Amino acid sequence: MKRYSVFAVAREALRYHTGWERAWRSPEPKRHYDVIIVGAGGHGLATAYYLGKNFGITNVAIIEKGWLGGGNTGRNTTIIRSNYLQDPSAAIYEKARSLYETMSQDLNYNVMFSPRGVLMLAQTQHEIRGYKRTAHANALQGVETEFVSPERVKEIVPIINLHGPRYPVLGALWQERGGTARHDAVAWGYARACSDMGMDIIQQCEVQGVRVVNGRVAGVDTTKGPIDCDKLGMVVAGNASVLADQAGFRLPMESVALQAMVSEPIKPCMDVVVMANTVHGYMSQSDKGEMVIGGGTDGFNNYTQRGSFHHIEETVRALNETFPMVSRLKMLRQWGGIVDVTGDRSPIISKTPVGNTFVNCGWGTGGFKSIPGSGWAMAELMATGHSPLTEEFSINRFQEGKFIDESVAAGVAH
Amino acid sequence: MLILECPYCGVKAEETELHAGGEAHLKRFGPGSTDGEFHDYLFMRENPKGVHFERWRHANGCGKWFHAARCTMTLEVFGTYSAQTFEPPQEIRDAITAKRPGWTWRDLK
Ligand SMILES: Cc1cc2nc3c(=O)[nH]c(=O)nc-3n(C[C@H](O)[C@H](O)[C@H](O)COP(=O)(O)OP(=O)(O)OC[C@H]3O[C@@H](n4cnc5c(N)ncnc54)[C@H](O)[C@@H]3O)c2cc1C
Ligand SMILES: [Zn+2]
């Protein structure tokens, strides 16, 4: 792999950009791999990357039914934060946030990580108490967050209206080291690094069956034929129940559509991320100037990658109250992704009833921020059978009543 | 936009008039059941890409609970039926078979 650098840019400028290589290969599948990862979203690619980097396992295929990064990884609003309530969550999200800080250097790929700060508005008394509790929990976990006053909120976000008629801003949880990153670049950066280690990324190839022999995985049946493997990682977000069904087990999870939209590009007006969970709206401004806006999830199971129309209205209504200037903006695009929601709003990173088969799903509405931490932990689990970061996220936690209840911190937003 | 016809009052209601109540025909397990049964009843859910049976409530209408059979992939509705039944009536199953031959859901075919 040729490294990207200022010298590479200069060299290519002098030869009319004829020397750039493809960022990753698109090979035909081999008959057998040590490890197959299903799903080339951020979590699948990160898992493969750390299998290679941390454990030297490189005979790996990543199988994707569409194009890499075309699932939720390419559809999300890119908020990165680690101010969760429960200790196991704080551990994995903070691991992820800290890996984001050095990801561009690590991958030699600019993922545009922008730790611009994340504000979560408290607009009811209940939220004030909830966020103060989170701030105290974060202090004990070593995650830097702070509960700030409405005046401070206005300083940080001058375009905000503190005195909305329905939901005045009563304070906010502020994580200064949170922010955003370029979602596609995260997928592309990992893909390039995986391909460089000799891994095969096989796109336009759907897994349609999981072959289980004597209780252990033997391989998968795909639209490009059967492929054998020693270990299998299912990392397919909203499609996890479908894949688990193929392997003969069930997951405590349901899939719903979550949507987002962007406005026309405007001059810089807001240099942080603002989330308003009570009214289901959150917003940040992209480098292109578009206001990136996320809304609520549909109330019923579906796989339509579209989302219900009335959620757009609800989201825009809420944002108009909090940011009056938004009312003059035109929206350019709207889209949806299928998110995988568990009962306690926490992910599942776990062994499964099928031998040598592992699952990583349930990130729901908020798993972009966790991509590097999740990949790191999932790789450790797959390579060694054990990871301190994933222990509490096992499928068995429901049976044991050991929930990781994040419905306060993550139930409605990102 | 999802539109369901309430089998009680006959109104064609769109989703803001309705409340989604989750998977249909759950068998309740309580005291005396095994841990596994209780766990599955509480946490395991059918999450099919395709034919699905659900409970809905005509919340901003007559207020009644009912059942719906629909496709989670296309949002196509196969039919709605009374809440007072443990399994989908034959005409609903036939309506599904007409459009999705070979469909399965739990142990239904
Ligand atoms: C609108 C929206 C906004 C969001 N906002 C945020 C946010 O601000 N911050 C945040 O942290 N998170 C956010 N999220 C959540 C985040 O996007 C997801 O949790 C995360 O991207 C999941 O990554 P993944 O790799 O697990 O899944 P995906 O990126 O969905 O990747 C799974 C891949 O598996 C493939 N696949 C599925 N089935 C098969 C099969 N049978 N064979 C082969 N391939 C298959 C799919 O095509 C897909 O590419 C948001 C999500 C949405 C939809
Ligand atoms: Zn009715």
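Observations on the structure shown:
- Cβ-Cβ distances below 7 Å connect the following pairs, each with a first residue in segment A:379-401 that is within 15 Å of A:I92 (Cβ to Cβ), a second residue that is open to solvent by 40 Å² or more (accessible area, probe 1.4 Å) and acidic (D, E), and a separation of six or more residues or different chains: A:S387/A:E380.
- Selected residue (criterion: nearest to the other protein chains (Cβ to nearest Cβ)) from residues of segment B:51-62 that are touching a helix residue (DSSP H, G or I) at 6+ places or on another chain (Cβ under 9 Å) and not hydrophobic (A, V, I, L, M, F, W, C): B:N60
- Within segment B:47-62, being within 16 Å of ligand 1 (Cβ to nearest atom) and either open to solvent by 40 Å² or more (accessible area, probe 1.4 Å) or in contact (Cβ under 8 Å) with a residue 12 or more places away in the chain (or both) holds for B:P48, B:K49, B:G50.
- Restricting attention to segment A:283-298 and to residues that are modelled with pLDDT of 90 or more and open to solvent by 10 Å² or more (accessible area, probe 1.4 Å), the residue that is farthest from the other protein chains (Cβ to nearest Cβ) turns out to be A:D287.
- Residues satisfying the stated conditions in segment B:12-28, i.e. assigned to a helix (DSSP H, G or I) and either more than 11 Å from chain A (Cβ to nearest Cβ) or out of contact with any strand residue (DSSP E or B) (no Cβ under 8 Å at 6 or more places or on another chain) (or both): B:T16, B:E17
- Members of segment B:12-28 that are within 13 Å of ligand 2 (Cβ to nearest atom) and either surrounded by 13 or more Cβ atoms within 10 Å (Cβ to Cβ) or within 15 Å of the chain's Cα centre (by Cα) (or both): B:A13, B:E14, B:E17, B:L18, B:H19
- Residues (more than 7 Å from ligand 1 (Cβ to nearest atom), not hydrophobic (A, V, I, L, M, F, W, C) and not in a loop (DSSP other than H, G, I, E, B)) located in segment A:37-73: A:T47, A:Y49, A:Y50, A:G52, A:K53, A:N54
- Pairs are defined by a Cβ separation below 7 Å, a sequence spacing of at least 6 or placement on different chains, a first member in segment B:9-29 that is on the phi > 0 side of the Ramachandran plot, and a second member that is open to solvent by 30 Å² or more (accessible area, probe 1.4 Å) and within 16 Å of ligand 2 (Cβ to nearest atom); the pairs so defined are B:G22/B:R55.
- Exclusive hit being acidic (D, E) and without any contact (Cβ under 8 Å) to a residue 60 or more places away in the chain, set A:E146, A:E127, A:E94: A:E146
- Within segment A:150-163, the only residue that satisfies the criterion of being closer than 20 Å to A:R81 by Cα and open to solvent by 50 Å² or more (accessible area, probe 1.4 Å) is A:R152.
- Taking first residues from segment B:63-80 that are facing another protein chain (nearest Cβ under 9 Å) and partners that are within 16 Å of ligand 2 (Cβ to nearest atom) and open to solvent by less than 20 Å² (accessible area, probe 1.4 Å), the Cβ contacts under 6 Å between residues at least 6 apart in sequence or on separate chains come to B:L75/B:L2.
- You will find that of A:V217, A:V207, A:V213, A:V235, the residue that is free of Cβ contacts under 8 Å to residues at least 40 places away in the same chain and within 30 Å of B:E46 (Cβ to Cβ) is A:V213 and no other.
- Tabulated pairs, segment A:20-41, first among the polar types (S, T, N, Q), second not in a loop (DSSP other than H, G, I, E, B), C-beta under 8 angstrom, 6+ apart or interchain: A:S26/A:I201; A:S26/A:I202
Here's the yes/no breakdown for (1) within 14 Å of chain A (Cβ to nearest Cβ); (2) buried (at least 16 other Cβ atoms within 10 Å of the Cβ); (3) more than 16 Å from ligand 1 (Cβ to nearest atom):
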residue: B:L2; (1), (2), (3): yes, yes, yes
residue: B:P7; (1), (2), (3): no, yes, yes
residue: B:G30; (1), (2), (3): no, no, yes
residue: B:T34; (1), (2), (3): yes, no, yes
residue: B:E37; (1), (2), (3): yes, no, yes
residue: B:R45; (1), (2), (3): yes, yes, yes
residue: B:P89; (1), (2), (3): no, no, yes
residue: B:D94; (1), (2), (3): no, no, yes
residue: B:G102; (1), (2), (3): no, no, yes
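- Cβ separations smaller than 6 Å between residues 6+ apart or across chains give the following pairs from segment A:299-310 residues that are at the interface with another protein chain (Cβ under 7 Å from one of its Cβ atoms) to residues that are of a type outside the set (S, T, N, Q) and open to solvent by 60 Å² or more (accessible area, probe 1.4 Å): A:Y303/B:K49; A:Y303/B:M73; A:F309/B:M1.
- Looking only at segment A:235-255, and only at residues there that are of a type in the set (A, V, I, L, M) and open to solvent by 20 Å² or more (accessible area, probe 1.4 Å), the one that is farthest from ligand 2 (Cβ to nearest atom): A:V236
- Test result for A:S98, crowded, with 23+ Cβ neighbours inside 10 Å, assigned to a helix (DSSP H, G or I) and out of contact with any strand residue (DSSP E or B) (no Cβ under 7 Å at 6 or more places or on another chain): no
The values are calculated or read from the model by the stated rules, or taken from the named source; none is laboratory data. Just so it is clear, the model here is predicted, and its values are computed rather than measured. Quick reminder, even Gly has a Cβ in these numbers, built from the backbone with ideal geometry, and neighbours come from all protein chains shown. The area values use the complete protein model at the heavy-atom level, side chains included, leaving out ligands, DNA and RNA. Shrake-Rupley method; radii C 1.70, N 1.55, O 1.52, S 1.80 Å.
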